[in-house]
1. Suppose the chain between R6 and E65 were pulled fully straight at 0.36 nm per residue; how much longer would it get relative to their current alpha carbon spacing?
2. List the trypsin sites (Lys or Arg not before Pro) within the chain that DSSP assigns to loop and that have no more than 13 neighbouring Cβ atoms inside 10 Å.
3. State the answer as a single residue: which of A52, S62, V73 lies farthest towards the positive end of the charge dipole of the chain, with beta carbon charges of +1 for Lys and Arg and -1 for Asp and Glu, about the Cα centre.
4. As an exercise, identify the chymotrypsin sites (Phe, Trp or Tyr not before Pro) in the chain lying in DSSP coil whose Cβ has no more than 10 other Cβ atoms within 10 Å.
5. Just to confirm a number: summing +1 for Lys and Arg and -1 for Asp and Glu over residues other than L29 whose beta-carbon lies under 15 angstrom from that of L29, what do you get?
6. Over the stretch 26-73, with every protein chain in place, what whole percent of the accessible area is carbon and sulfur at 1.4 Å, could you tell me?
Amino acid sequence: MAISLRLSNEESVLVKSYAALHGLSVSDLFRQAVMEKIEDEYDLKAFEKAMASFKQDDTTYSLDEVEKELGLV
């Protein structure tokens, strides 16, 4: 899939310089940046869901309790 992006001359110079500094092509730089953004948002949603669940039941277990429950000790 091809995607085009319009940047000002200043933005273009900055992006190309940054990519070169890190040994990346501009395409790789944008691919990595977009994927990291998506992963960050996914992680935030998972955190929010986990916190909501924890607020409903704040029971926690120690490592010793977990190991015993799983038969690891």
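The values are calculated or read from the model by the stated rules, or taken from the named source; none is laboratory data. In this text the structure is predicted, and so the values were computed from the model without any measurement. Don't worry about glycine lacking a Cβ; one is built from the backbone with ideal geometry, like all the others, and counts go over all protein chains shown. All accessible areas refer to the heavy atoms of the entire protein, side chains included, with ligands and DNA or RNA removed. Shrake-Rupley method; radii C 1.70, N 1.55, O 1.52, S 1.80 Å.
1. On the way: separation 59, 0.36 × 59 = 21.24 nm, distance 5.59 nm.
Between R6 and E65, full extension yields an extra 15.7 nm.
2. On the way: sites: R6, K16, R31, K37, K45, K49, K55, K68; in loops: R6.
Sparse-neighbourhood loop trypsin sites (Lys or Arg not before Pro): R6.
3. A52
4. Values: sites: Y18, F30, Y42, F47, F54, Y61; in loops: Y61.
Qualifying residues, ordered by number: Y61.
5. 0
6. Details: 2630 of 4680 Å².
Carbon and sulfur atoms account for 56 percent of the accessible area of the stretch 26-73.
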